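Below you'll find the structure, written out as structure tokens, and then a few comments.
Throughout, read-outs are computed from the coordinates displayed, never taken from laboratory work. Since this is a predicted model, take the numbers as computed values, not measurements. Neighbour counts run over all protein chains shown; Cβ positions are idealised from the backbone, glycine included.
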């Protein structure tokens with residue numbers, strides 16, 4: 001029996017005219033070709049989260065928490081704003097806590113000269129506090145506006161897809177390992193069913 005993983009792809013921007021649609025769109029389309037993954041997109045622009053912490057009584061917060069709880073792994077597609085990540089992404093992260101715990105997370109970053117890596121470094125600190133395991137490798141696009149064609153594909157399609165695949169393979173390994181740790185009894189039962 002082949003395992004599959006629920007991957008939540010999280011948009012890191014809600015800005016009007018954002019380039020996140022291009023980068024995340026490419027990542028989602030590419031990842032949909034992986035038979036091991038079931039993709040769920042989480043977009044802060046569509047969630048419209050409240051600016052104050054009101055708990056899960058708010059429908060958008062409840063929807064977000066349910067999506068995060070279902071995920072086995074996360075992929076954050078983040079730009080870099082002012083050497084950091086966006087306020088909308090921080091709001092999204094802070095709207096949940098146990099739903100993040102003991103799950104792996106990978107990054108696709110983009111921006112100017114640094115390719116969004118300064119945002120990634122700060123996000124690593126935030127996610128460590130939530131007991132999230134972040135992948136060492138990052139798919140990063142420096143000077144991103146020059147790297148994608150008018151149809152939303154990287155000019156270096158093969159290289160970009162290879163980098164994403166490499167990172168995703170590590171993410172799946174961690175997703176399996178951490179899921180086994182969170183649900184050891186379910187894993188034992190699955191092995192017994194597969195063996196019979």
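Things worth noting here:
- Highest-fluctuation residue, 51, 160, 60 considered, GNM on the chain with Cα pairs under 10 Å: 51
- Over the chain, dividing the summed -39,500 (n - 2.57) contributions of all DSSP H runs of at least 4 residues by the number of residues returns a 222 nm mean residue ellipticity of -14000 deg cm²/dmol.
- Of interest is the spacing of the C-alpha centroids, which for the range 4-43 and the range 94-123 amounts to 14 Å.
- Top of 156, 72, 137 by mean-square fluctuation, Gaussian network on the chain, Cα under 10 Å: 156
- When only Cα pairs below 8 angstrom with a gap of at least 6 residues are kept, the chain shows a relative contact order of 21 percent.
- Candidates 138, 120, 77: whichever shows maximal mean-square fluctuation once the chain is modelled as a Gaussian network with Cα springs under 10 Å: 138
- Overall form of the chain per C-alpha gyration tensor (a/c, 1.5; a/b vs b/c): oblate
- Fewest-first ranking of 93, 39, using other Cβ atoms within 10 Å as the exposure measure: 39, 93
- By other beta-carbon atoms within 10 Å, ranking 42, 10 with the fewest at the front produces 42, 10.
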